[in-house]
C-alpha cells in the first residue's frame, strides 16, 4: 500500500486546495492524517491513485512524496494484537497514520521499518493486508 505525504504551510485554505485539486482529477481520498509542526505540517493521504495524486499536486507546486506503508484490515482484531505480533518479530512501528476505509473495511495504516517483513508476518497470522 502506498500513501501520499504532502508538505504544506499551516495556513487557512492550504488543506482545502489539496483536496480541491485531487477532487477535480477524480482522485478519491480514502483516509487522511495531519501532522502539525508549527508553521508547517505534513498531510498524509490514502488515495485510490497515489501516483496520479502526486502528479496532480506537483503541477500546483506542492511537494508530494509517495511512501510505502502497511494497510491492515482491523475489523476482527485490535491494534494491541498487531503491535504485539510486529514487536515479537522485531518490526518497529515508526508511525501510525490512523484509519482509512477500503471496500467498506476498516484499515489501520502503519509505517514500519521493514514493510515486506511486516506484510509477510501479518499475512501468515491471517490478517488481510493492503
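The values are calculated or read from the model by the stated rules, or taken from the named source; none is laboratory data. Everything numeric here is computed off the predicted structure, so don't read it as measured data. All Cβ positions, glycine included, derive from the backbone under ideal geometry; neighbour counts span all protein chains shown.
Quick notes on this one:
- For the range 95-130, the set of residues classified as free of Cβ contacts under 8 Å to residues at least 24 places away in the same chain and assigned to a helix (DSSP H, G or I) consists of 116, 120, 123, 124, listed by residue number.
- Test: residue 87 is under 30 Å from residue 14 (Cα atoms) and either more than 11 Å from the chain's Cα centre (by Cα) or buried (at least 17 other Cβ atoms within 10 Å of the Cβ) (or both): no
- Candidates 42, 19, 66, 8: the one that is farther than 27 Å from residue 126 by Cβ, at pLDDT 95 or above and assigned to a strand (DSSP E or B) is 66.
- Count of the range 53-74 residues which are out of contact with any helix residue (DSSP H, G or I) (no Cβ under 6 Å at 6 or more places or on another chain) and over 18 Å from residue 130 (Cβ atoms): 9
- Within the range 39-61, residues that are within 18 Å of residue 9 (Cβ to Cβ) have Cβ atoms under 8 Å from residues that are in a loop (DSSP other than H, G, I, E, B) in these pairs: 39/10; 40/10; 41/10, counting only partners at least 6 apart in sequence or on another chain.
- Scan of the range 75-94 for residues that are touching a residue at least 40 places away in the same chain (Cβ under 8 Å), assigned to a helix (DSSP H, G or I) and under 17 Å from residue 130 (Cα atoms), ordered by number: 82
- Residue 46 over 15 Å from residue 129 (Cβ atoms) and surrounded by 14 or more Cβ atoms within 10 Å (Cβ to Cβ): no
- The condition of being closer than 18 Å to residue 3 by Cβ, touching a helix residue (DSSP H, G or I) at 6+ places or on another chain (Cβ under 9 Å), crowded, with 18+ Cβ neighbours inside 10 Å and at pLDDT below 95 holds for only one of 108, 122, that being 108.
- Lone unmet requirement of (1) in contact (Cβ under 8 Å) with a residue 40 or more places away in the chain; (2) closer than 26 Å to residue 128 by Cα; (3) surrounded by 15 or more Cβ atoms within 10 Å (Cβ to Cβ) for residue 29: (1)
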